[in-house]
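Below: one structure, written as structure tokens.
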Ligand code: C2E
Ligand code: CA
Ligand code: CA
Ligand code: CA
């Protein structure tokens with residue numbers, strides 16, 4: 001029966017019911033997926049703006065769903081965090097990406113000794129016991145140096161773990177790994193806290209970069225973030241660089257790194273390797 005429009009304010013409406021069913025279906029699929037591991041890691045190059053060359057990659061997970069095809073992480077990562085399945089996914093991606101990095105470092109010899117791999121790391125892992133040992137084990141087993149691995153933790157993910165955060169981050173640093181704050185500018189970082197955290201890199205959220213061209217305000221925000229980062233001796237990566245104009249502006253602000261469709265979309269490992277081999281210059 002068709003439901004009247006006037007009940008649409010009810011606490012539980014048909015649309016919500018449908019949403020709940022869809023969510024449950026996705027959760028069931030995700031649990032099944034984890035047994036069969038139909039995940040794939042895509043890689044998006046990160047470019048040193050001073051050199052115009054690829055200096056690393058960000059690993060981005062893809063889920064190949066049996067009937068829906070490729071599902072966006074925007075859809076399943078939040079669900080994976082709610083259900084705890086994120087632990088499986090992130091550790092799988094980390095191991096996979098480190099294994100790949102080692103292969104590329106060896107294949108592309110001395111040029112690529114400094115090649116880095118950035119891996120998204122849910123803030124939820126920061127409170128997990130044995131985190132340090134587990135990370136150390138992945139580094140040892142894959143042969144990757146800590147300094148070539150960057151863990152990207154979102155601004156909100158860091159803040160949720162406000163009390164225990166600082167200590168565990170300091171411990172992570174003993175492995176030599178680099179730490180980045182992802183989506184910087186979208187959360188509510190307390191600036192007072194920021195300088196206490198052992199962070200190496202700020203990633204400016206795409207929303208600021210995309211508005212940089214036509215809104216003076218976003219340009220000013222980026223300028224301010226850069227000044228803040230540099231005064232705290234952090235590097236800056238601008239996400240979502242899509243145009244030559246954005247690239248030029250970022251260069252003139254002395255932004256260290258860029259990432260975005262202008263350089264390359266995230267691609268599979270084979271295509272990423274071709275990009276590396278091509279020695280592209282921007
Ligand atoms: P993120 O970490 O902010 O990653 C950047 C996202 O922006 C990626 O989306 C990337 O494909 C997209 N992107 C890059 N350049 C451009 C551009 O120039 N224009 C536009 N419009 N988009 C661009 P993706 O791969 O769909 O990932 C979405 C989010 O899912 C990531 O955002 C990250 O928060 C999360 N995620 C992805 N993989 C993992 C993972 O292995 N673990 C965890 N915990 N989260 C992940
Ligand atoms: Ca990221
Ligand atoms: Ca980001
Ligand atoms: Ca994001």
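Can you say whether residue 61 is part of a strand (DSSP E or B) and in contact (Cβ under 8 Å) with a residue 24 or more places away in the chain, as far as the supplied structure shows? Steps first, please.
Working: part of a strand (DSSP E or B): yes; in contact (Cβ under 8 Å) with a residue 24 or more places away in the chain: yes.
Criteria met by residue 61.
Of the residues 151, 139, 129, which single one is in a helix (DSSP H, G or I) and either closer than 19 Å to residue 180 by Cα or modelled with pLDDT under 90 (or both)?
Numbers: 151 fails: in a helix (DSSP H, G or I); 129 fails: in a helix (DSSP H, G or I).
Result of the check over 151, 139, 129: 139.
Only one of 237, 225, 181 is free of Cβ contacts under 8 Å to residues at least 40 places away in the same chain and surrounded by 19 or more Cβ atoms within 10 Å (Cβ to Cβ). Can you tell me which?
Going through 237, 225, 181 in turn, just one is free of Cβ contacts under 8 Å to residues at least 40 places away in the same chain and surrounded by 19 or more Cβ atoms within 10 Å (Cβ to Cβ): 181.
Can you tell me which residues in the range 254-282 are more than 10 Å from ligand 1 (Cβ to nearest atom), buried (at least 17 other Cβ atoms within 10 Å of the Cβ) and either within 19 Å of residue 218 (Cβ to Cβ) or modelled with pLDDT under 95 (or both)?
Hits for the range 254-282 are 255, 256, 257, 276.
Going by what's in this entry, would residue 80 be described as part of a helix (DSSP H, G or I), crowded, with 17+ Cβ neighbours inside 10 Å and modelled with pLDDT under 95?
Considered against the rule, which asks whether it is part of a helix (DSSP H, G or I), crowded, with 17+ Cβ neighbours inside 10 Å and modelled with pLDDT under 95, residue 80 comes out as yes.
Tally the residues that are in contact with a helix residue (DSSP H, G or I) (Cβ under 7 Å, 6 or more places away or on another chain) and within 14 Å of ligand 4 (Cβ to nearest atom), restricting the search to the range 63-75.
Residues meeting the conditions: 0.
The values are calculated or read from the model by the stated rules, or taken from the named source; none is laboratory data. Everything numeric here is computed off the predicted structure, so don't read it as measured data. All Cβ positions, even for glycine, are placed from backbone atoms using ideal geometry, and neighbour counts span all protein chains on display.
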